[in-house]
Amino acid sequence: MRDATSARGFLLGLVYGLVAFGITLSWIMLFGSLAWGALTLLTALSIALFGAVFPLVRRSGRPVLTALGAAAVWTAMDWLRGLWPFGGFTWGSLGVSQVPNTITVRFAVVAGVFGVTFVVVFAAALLAEGATRKGSLARRTRWVGLAALAALSPLLISFADATGRPLDVAAIQVDFDEAIRHGSREEGDIAVTRLNLDLHRTLKDAAPDLAVWGESALDPGSLEILEDVRATIAEVGVPVLTGATSRDIRSVGGGVDPTLFNQAVVFDGGGAVVDVYRKTHLVPYGEYIPWKRVVGWIPALDQIAYELTPGERVHTLDAPGLPRFAAPICFENSFPGLDRALVRQGAQFLVILTNNAAYDETSASAQHLQMSRIRAIETGRWVVHAAVSGISAFVDPSGHTSQRTELFEPALIRRTIRASTGRTLYVRWGDWLPIASLAFAIGMAAVPRGRRNERPAPAPLDPGARTLVILPTYDEAKTIRDVVTGVLALPGVEALVVDDSSPDGTAGIVRELMAREPRLRLLERPARSGLASAYLEGFDRALDEGYDLIVEMDSDLSHDPGELASLLDAARDRHHLVVGSRYVPGGSVTNWSRARLALSRMGNIYASVMLRLPLHDATSGYRVYRRALLQDLVADPFHADGYGFQVELVMRSWLHGWTVGEVPITFREREHGHSKLSRGIVVEALWLVTRWGVALRILGRPHRGFRA
């Protein structure tokens, strides 16, 4: 990626993403290669986009800024992947992988999982710089040391400490596969529920404060034995939180409602339903089918036996005698913002209800538990991770697990947790870092960056350096005399008028002046051929005849000949190209409407941003070139005329490493004749600037064949 273009970076990122996410999400293969391939490709695109954007923020010779840019882009892409499409998919986030790293993961207390991602990428980019950068060992070691400092800096952050009321919580897990192996679906639902009831009864002699059953402990078929469920709960006498994928459990017996929800249901110690949370963030193509009319023909979708309806909002739950808590359901726990919202609503501990039985013995369950661990750190809350068939565990606010079960083993785990009313900085501030990263990445991509092969500033020229002013003309009879007189008032300056057979007699006036002034010459062309070709013919003449400084200047008095001396001084002293600028301090425009002035300034800002030009006035036609620069520029064909030609000259000069500067001028709207610049020329310039800017970002050059 060090020298990759956006196009190559996209391909490199795509390959990496396909491999990384293909392995991470391999458990999706249980549902078919189409599901696995589609999800892998979708998630891999975020890494591909990182590869495409990274070259825009890379800064040659500035490793810290480059590392910050890399971290910002990766973090922003990771965050955006969690938002879109279909509500996002956060699985495989880099920050989650750092949960076992008890140092780096502390940054989640301040900035959430995306903060951890940022630190990891920043440190890795600096390590890469130290490993690959040319130079002394001491200099390379400096970047390695800075990477270590970044990775260790979270040691300054303490994990949250839950110091609230102690709570005795028990979580029940059953062998889901064994229960549903025989009989109909409804019989399997009932078997799972009865296994939960059997383990729940063992709590009678030493009742906890809360018992938790996993997601799908009550499925549609289980409602046939709902009275047994109520009776068993009442027998033990403690509140129960259970998952129930069913119609509204509060309306059972009151008629048939076909609407199904994924619910977290709270029973009080007497077996009555006292609160219900309905899952709001459903799994696309798992719990519902987006774009069903478009993709409904795909046979693999027949695996989805029924579609669920989302809940209206996220909210906390209440149970008699317990602090307020929350129960995100399965997939919801992968979204940090959802758990944060629940804590902000007053949840003092979290219970994650999940059913990963369908993923068999794959890594899916372990990956899901990893997310509960990062959620505990982010929110400063104890988390009860309750899976209907494993893996289940208790997670403290430092992300440490206890009472962890294995998959598909009947188990009853129990321990004392603590409630908490404190708020971490992440709970208070939310996802501020990925938002800031997105803004930073956009800013870095927009701001001009350093060039490759930057040339040293030129040596000063002798005051007597030969200078030729090129004056393209067409119907400038009313102004050419004053322009020529003003130009030739400077000693040692010569002028070449390039006339396109002006019908108003411009050439005749020039010949008249030539009779008295040997420093003036005329190049007559048989037809009107455009500004760019006029200058190019003038450039060829100037280079053939050995001029040191070559000047572009309008012939309508919009460029004041009296300001030429300041441009020449700057070109002799310190620049290869000097542009007379209307938009630097001291520059101005007269006799333009506010609308025209605003359009001109906006156009120049656009050109500067798109092409990364360090100029305020890239379209100005009043400029001075040194001979060496002009020889370099005319070696390749041009692609534009009018404004576009002027922008192309500046762009080539800058990208080829020549020094470019600006001198303030006053531009005066012409008083005689008509402007030769048409609306088509303006549109052409805008189109070319856009095309060149996009190509610079994708290809690393403004167009194919560009000589860097």
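The values are calculated or read from the model by the stated rules, or taken from the named source; none is laboratory data. Here the structure is a predicted model, which is why all the values come from computation and not from measurement. Backbone-built Cβ (ideal geometry, glycine too); neighbour counts: all protein chains shown.
Structure notes:
- Of the residues screened, Gly254 is one that is in the same structural domain as Ile352 (by TED's automatic domain parsing), more than 25 Å from Phe394 (Cα to Cα), over 49 Å from the mean Cα position of the chain (by Cα) and at pLDDT below 95.
- Looking only at residues in segment 460-490 that are surrounded by fewer than 17 Cβ atoms within 10 Å (Cβ to Cβ) and under 19 Å from Arg627 (Cα atoms), the one that is farthest from the chain's Cα centre (by Cα) is Gly464.
- In the condition set (1) in a loop (DSSP other than H, G, I, E, B); (2) more than 22 Å from Ala459 (Cα to Cα); (3) in contact with a helix residue (DSSP H, G or I) (Cβ under 7 Å, 6 or more places away or on another chain), Tyr547 is compliant with all but (2).
- Only a single criterion out of (1) closer than 24 Å to Pro310 by Cβ; (2) out of contact with any Leu (no Cβ under 7 Å at 6 or more places or on another chain) is not satisfied by Ala326, namely (2).
- Residue within segment 531-543 that is within 24 Å of Thr619 (Cβ to Cβ), crowded, with 20+ Cβ neighbours inside 10 Å and polar (S, T, N, Q) present: no
- Candidate set: segment 469-478, residues that are in contact with a strand residue (DSSP E or B) (Cβ under 9 Å, 6 or more places away or on another chain) and not in a strand (DSSP E or B); chosen: the one farthest from Ser501 (Cα to Cα): Glu476
- Restricting attention to segment 564-577, the residues being buried (at least 19 other Cβ atoms within 10 Å of the Cβ) and of a type in the set (D, E, K, R) number 1.
- A residue that is in the same structural domain as Arg528 (by TED's automatic domain parsing) and farther than 21 Å from Asp548 by Cβ occurs nowhere in segment 625-632.
- Lone qualifier among Ser389, Ser365 - being in contact with a strand residue (DSSP E or B) (Cβ under 8 Å, 6 or more places away or on another chain), small (Gly, Ala, Ser) and assigned to a helix (DSSP H, G or I): Ser365
- Looking across segment 295-310, just one residue is among the charged types (D, E, K, R) and surrounded by 10 or more Cβ atoms within 10 Å (Cβ to Cβ), and that is Glu307.
- Residue tally, condition closer than 19 Å to Glu545 by Cβ and either outside the structural domain of Pro561 (by TED's automatic domain parsing) or touching a residue at least 12 places away in the same chain (Cβ under 8 Å) (or both), over segment 473-528: 21
- Count of segment 503-543 residues which are outside any helix (DSSP H, G or I) and among the aliphatic types (A, V, I, L, M): 5
- Asp556 meets the conditions (1) part of a helix (DSSP H, G or I); (2) buried (at least 20 other Cβ atoms within 10 Å of the Cβ); (3) acidic (Asp, Glu) in every case but one. The failed one is (1).
- Matching residues, segment 131-163, being outside any helix (DSSP H, G or I) and either within 28 Å of the chain's Cα centre (by Cα) or not basic (Lys, Arg) (or both): Arg133, Gly135, Ser136, Ile157, Ser158, Phe159, Ala160, Asp161, Ala162, Thr163
- Residues of segment 183-231 that are without any contact (Cβ under 8 Å) to a residue 12 or more places away in the chain and assigned to a helix (DSSP H, G or I): Asp198, Asp205, Ala206, Glu227.
- Restricting Val53, Val64, Val15, Val19 to those that are in contact with a helix residue (DSSP H, G or I) (Cβ under 9 Å, 6 or more places away or on another chain), in contact (Cβ under 8 Å) with a residue 60 or more places away in the chain and over 22 Å from Leu83 (Cα atoms) reduces the list to Val64.
- Inside segment 25-54, residues that are surrounded by 18 or more Cβ atoms within 10 Å (Cβ to Cβ) and either among the hydroxyl-bearing types (Ser, Thr, Tyr) or over 28 Å from Pro299 (Cβ atoms) (or both) make up a count of 11.
- Options Gly680, Gly644: the member that is in a helix (DSSP H, G or I), assigned by TED's automatic domain parsing to the domain that holds Gly530 and either crowded, with 21+ Cβ neighbours inside 10 Å or at pLDDT 95 or above (or both): Gly644
- Annotation note: Cβ proximity below 6 Å between a residue of segment 318-339 that is buried (at least 24 other Cβ atoms within 10 Å of the Cβ) and a residue that is hydroxyl-bearing (Ser, Thr, Tyr) and not in a helix (DSSP H, G or I) (sequence gap 6+ or interchain) occurs for Ala326/Thr316; Ala327/Tyr277; Cys330/Thr354; Ser334/Thr90.
- Which numbered condition Ser153 fails, given (1) without any contact (Cβ under 8 Å) to a residue 60 or more places away in the chain; (2) in the same structural domain as Pro323 (by TED's automatic domain parsing); (3) closer than 30 Å to Ala376 by Cα: (2)
- Of all residues in segment 1-15, those being closer than 29 Å to Ser363 by Cβ and more than 18 Å from the chain's Cα centre (by Cα) number 1.
- Note on segment 257-273: among residues that are at pLDDT 90 or above and loosely packed, with under 15 Cβ neighbours inside 10 Å, the one that is nearest to Val314 (Cα to Cα) is Ala272.
- Flag for Ala439 being in a helix (DSSP H, G or I), out of contact with any Lys or Arg (no Cβ under 7 Å at 6 or more places or on another chain) and not charged (D, E, K, R): yes
- Any hit, segment 286-309, residues being under 21 Å from Trp213 (Cβ atoms), in the same structural domain as Ile233 (by TED's automatic domain parsing), of a type in the set (A, V, I, L, M, F, W, C) and under 30 Å from the mean Cα position of the chain (by Cα): no
- Of all residues making up segment 484-504, the number that are on the phi > 0 side of the Ramachandran plot and of a type in the set (S, T, N, Q): 1
- Matching residues in segment 615-641 - criterion: being surrounded by 24 or more Cβ atoms within 10 Å (Cβ to Cβ), among the charged types (D, E, K, R) and in a loop (DSSP other than H, G, I, E, B): Asp617
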